[in-house]
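Right, one structure below, let's go through it.
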Amino acid sequence: MESQDHKERTKRDVCVGICAVISAFLWLGAVTLGILVDANGMCFNNLRFVAKRKDKKVNKNIELFPAKFHVTWCACSLTHVGWLLLWDREAFVASLFLQLFVITGSILALITSHKAVYGVGALLQYKRPWDLWVARTLVQNGISVLLTWSIYLLIINVIILMTYQAQLPMHITSTIALAVFGGIVLLWFIIEMAVFDRWTRYTFTIYPTVAWIACGIIVRQFYPWSPVTICAITLLCLAVLILVIRVPIVVWRSYSDPLYVEQTIETKMVAVTPPTQCITTIL
């Protein structure tokens, strides 16, 4: 019986490792293609504009996602593969440090992406709104999903270490961890709306991901009046409430305080507001 369980676990480890490696290499291939293939400046990573103003005609290349974004994201993806393998082998201490690296890499990738997109947001909104929304939706919101899940996985890792190595009761560690997770979500919502709105205005997926996590906890660990169930329900209500509050605020700010209104290209070749000052075409 034990030998059969060992064989099943070995097969599962192999499947997990193969899927993780294939996913990482598919992403690395896509990143490499985006870096190497220029296609006359029309690839998503590198956009080329021609600015015409009076008698001048100057080419301007902009990097929607700089090289450091790709390096950070690739390192983060490979580290996540290593975390999957260590977690499956129950090496919880080592996986804890790898998960910290995944979180740090995701944060750095998000910061790089938000700064790069905001820096050329006026030009993208004026001439390439589709690329602007693809960057917001697929890249920034996608990384936010991974970041939220990574923080939750880190909390699970800490719970396991506190329960099985520090010999603390599971319900106490789980309750504390969920309370800390909810506090992080609430604190980020306040900071996001007050400080980082210009960059993260259209990043929504953090809160649906938190609601998804809370629903999973409630479905799998539902015990009436237990502290874990109460914390999970509270976390779900908090995520839904924040989302309900944030969506109308974002819609209102989009009309009352739109982004990039006074932004111009640094070289002042292209003035986007008003657009009649120059004619911008794309090669």
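Some points to look at:
- Residue count for the stretch 231-260 satisfying the condition of being at pLDDT below 90 and aliphatic (A, V, I, L, M): 1.
- The number of residues in the stretch 134-174 being out of contact with any His (no Cβ under 9 Å at 6 or more places or on another chain), hydroxyl-bearing (S, T, Y) and buried (at least 19 other Cβ atoms within 10 Å of the Cβ) comes to 5.
- Total residues in the stretch 60-98, condition polar (S, T, N, Q) and out of contact with any helix residue (DSSP H, G or I) (no Cβ under 7 Å at 6 or more places or on another chain): 1
- Of the residues contained in the stretch 213-232, none is found to be within 18 Å of the chain's Cα centre (by Cα) and free of Cβ contacts under 8 Å to residues at least 60 places away in the same chain.
The values are calculated or read from the model by the stated rules, or taken from the named source; none is laboratory data. Being a predicted model, the structure only gives us computed values, none of them experimental. Every residue, glycine as well, gets a Cβ built from its backbone with ideal geometry; the counts of neighbours run over all protein chains shown.
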